[in-house]
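Let me begin by presenting the structure, written as structure tokens, before commenting on it.
Just so you know, all these numbers are worked out from the coordinates, no wet-lab data involved. Predicted model only: the values in this text are computed from it and were never measured. Methodologically, a virtual Cβ is constructed for each residue, glycine included, from the backbone with ideal geometry; neighbour enumeration extends over all protein chains shown.
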Amino acid sequence: MIPADSRERADARREALDPADFRAAMASFPTGVTIVTTRDSDGVPYGFTANSFCSVSLEPPLVLVCLARSAHSFPVFAGCERFAVSILQSHHTELARRFASKREDKFAQGRFRRTAGGLTVVDGAAAVLECDRYRQYEAGDHVILIGLVRTAQLAPTRDPVLYVERTFGTVGSATRS
């Protein structure tokens, strides 16, 4: 059991954290960039940009993505049975910006394709993972979606985009100094 005074000190430290400092610290961590998509019950596609994406398990094959509760697409994803993750390439940066916005017409421009499983994904993505929703967890102002990967498709050539210090780059540009 944690003593009450230790809990109070931890609570005080947590309250003292400036959100801008937290954002700046997290911006210094390079991540890949994905677009996560699903469809509502009428077949209308929804999607969002996520850099909070990673593998969770090899057996079974699980991945996670984090979605803000404030996202326009949150209600659709909160109830979806399936979703896809498109791992973006360097030429997809404008698409990543569009899907990070609150725009309603995210699928109006850009090249998309439908998978054999019926999900809309980014055409030319470095990789596409089709997932069944496995679990969902509450996490502050976000929800963590865990997906059971059913298919993985790889592009013949890959130049994945990175996001660091609020800027897009590539693996090549990240290693040049």
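Projected label points at Asp18 and Ile144, each 7 Å from Cα along the beta carbon direction, are separated by 2.9 nanometres. Once the Cα-Cα distance is subtracted from the 0.36 nm per residue extended length, the Val44 to Lys102 segment shows a gain of 19.3 nm. Please label the shape of segment 31-164 as rounded, prolate or oblate, based on the square roots a ≥ b ≥ c of the eigenvalues of the alpha-carbon gyration tensor (a/c under 1.5 means rounded; beyond that, a/b larger than b/c means prolate, else oblate). Cα axes put segment 31-164 in the rounded bin.
In this simple spin-label model, placing a label point 7 Å from the Cα along the Cα-to-Cβ direction at both Met26 and Asp132 gives a separation of 3.1 nm.
Taking other Cβ atoms within 10 Å as a rough exposure proxy, Cys66, Cys80, Cys131 sort from fewest to most as Cys66, Cys80, Cys131. The fewest-to-most ranking of His92, His142 by surrounding Cβ atoms within 10 Å reads His142, His92. Over the chain, dividing the summed -39,500 (n - 2.57) contributions of all DSSP H runs of at least 4 residues by the number of residues returns a 222 nm mean residue ellipticity of -6500 deg cm²/dmol.
Taking Lys and Arg as +1 and Asp and Glu as -1, the other residues whose beta-carbon sits under 12 Å from that of Tyr134 total +2. When each of the peptides 148-160, 27-39 is scored by the mean number of other C-beta atoms lying within 10 Å of its residues, the order from highest to lowest reads 27-39, 148-160. Fewest-first ordering of Arg166, Arg114 by other beta carbons within 10 Å of each residue's beta carbon gives Arg166, Arg114.
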